[in-house]
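First comes the structure, then the notes that go with it.
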């Protein structure tokens, strides 16, 4: 069992490390996302620098990494709670990719892709809420944050998932908040000084 968990974690980390957004920007327009726009190697920065179509493709590929991690875990017959290892590993790979010296994206699309595997109905409901929040606020951050914050409540009350799974989902989503803190400007300055 331990061997399986290590293998799954390694595969999913490497899967998460594939920097689709970076590749799209670099080979599409010669843009290095680490140093342009908001400095984030994610679909949102691709959207801002290259346009909606490129951004959507990047987001779908990043979500595909998350869903792929779910499939990797299931192919090793992992179930909850062990399946979370695949999800955490793909998020860590996306946020701290091996191929870009740890300079990755925030992981929202990859997280949603993994959660889609766990609970398609819950994630689709969350996506609907994101759309509503965006129509009301016209603000991407509010829409994404509101939709993702609603996921545990949707899972618990509408999808009738267990309290244990709901709490695990909250912990999983909090990883995204940690990555966002790491990407704050003062932390970026520390990374520049340290050469990380």
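All of the numbers you see were taken from the coordinates with simple rules; none came from a lab. Source: prediction; values computed, not measured. Cβ placement follows ideal geometry from the backbone for every residue including glycine, while neighbour counts extend to all protein chains displayed.
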Q | Part-to-part distance (alpha-carbon centres) for the range 75-138 and the range 2-69, which is given in Å | A | 12 Å
**Q.** Cα gyration tensor shape for the range 51-158, rounded if a/c is under 1.5, else prolate or oblate
**A.** oblate
Q. Shape call for the range 19-60 from the C-alpha gyration tensor, a ≥ b ≥ c root eigenvalues: rounded (a/c under 1.5), prolate (a/b greater than b/c) or oblate?
A. rounded
Q: Would you calculate the separation in nanometres between label points at residue 38 and residue 141, each defined as 7 Å from the Cα along the Cα-to-beta-carbon direction?
A: 0.8 nm
(Q) Restricting to DSSP H runs of at least four residues, report the calculated mean residue ellipticity at 222 nm for the chain, -39500 (n - 2.57) per run over all residues, nearest 500 deg cm²/dmol. (A) -23500 deg cm²/dmol
(Q) Taking just the alpha-carbon atoms of the chain, what radius of gyration and Dmax come out, in angstrom? (A) 16.5, 48
Q. In nanometres, what is the gap between the two model label sites at residue 124 and residue 79, each 7 Å from Cα along Cα-to-Cβ?
A. 2.4 nm
Q) How high is the relative contact order of the chain, in percent, with contacts defined as C-alpha pairs under 8 Å that are six or more residues apart? A) 20 percent
**Q.** Order by protection proxy (mean Cβ within 10 Å, highest first), peptides 120-129, 13-22, 159-168
**A.** 13-22, 120-129, 159-168
Q: Order the peptides 51-57, 145-151, 133-139 from the highest to the lowest mean number of other Cβ atoms within 10 Å of their residues.
A: 145-151, 51-57, 133-139
Q. Arranged by the count of other C-beta atoms within 10 angstrom, fewest first, what order do 157, 114, 26 take?
A. 157, 26, 114
Q: Please arrange 47, 155, 82 by counting, for each residue, the other beta carbons lying within 10 Å of its beta carbon, fewest first.
A: 82, 47, 155
Q: Taking 7 Å along the Cα-to-C-beta vector as the label spot, tell me the residue 178-residue 158 distance in nanometres, rounded to one decimal.
A: 2.9 nm
